[in-house]
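Please read the structure below before turning to the comments.
No lab work stands behind these numbers, since they all come straight from the coordinates. On a predicted model such as this, the values are computed, not experimentally measured, just so you know. A quick note on method: Cβ atoms are made from the backbone with ideal geometry, for glycine too, and the neighbour counts reach across all protein chains shown.
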Amino acid sequence: MELAAQELRERIVRPTLHYLGKHCHASENLLVAIAQWQQQHPQGRTEGIYPIDAGLHQKVWNQHLAFNPELASKIRGLASQREFLNNPHIELITNLAYATAIAWAVYLAFPQVKHSPSAVRHPEAQRDCSPSA
């Protein structure tokens, strides 16, 4: 599925970051750049709008969100009730708000990872921002 950058920003990324209490323009720019890169250069076993496969999805839950219960609860609140329990990884494809929240959690958990060359070329996406700018 292809989404225009502005549509992705206004309808998915911005509302999700507001919901998480983590909104700022830099975080928006980062997530939009990563999603745009993924649309243009799909990565191996990933099928959603972000380059997150089942292994990374599980890793971010086990190594980061398990120790951040407030953020974990908010992100879990975005997932569907039944399907998340049956097949949590499908949420990365079918639930764009959840996928965006997980992409943000991946960035928080593993900031040293260059998520995409596109994001690296956008210096405004690298700036720190306050949690609710």
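Here are some notes:
- Scalar couplings 3J(HN,Hα) for the stretch 83-97, obtained by applying the Karplus form with A = 6.51, B = -1.76, C = 1.60 to θ = phi - 60°, are 5, 4, 6, 7, 8, x, 6, 5, 4, 5, 9, 9, 10, 5, 5 Hz; x denotes Gly and Pro.
- Computed about the Cα centre, the dipole magnitude for the stretch 5-125 is approximately 140 debye when only Lys and Arg (+1) and Asp and Glu (-1) carry charge, each at its Cβ.
- Spin-label model distance (nm) - GLU47 vs PHE67, 7 Å beyond Cα toward Cβ: 3.2
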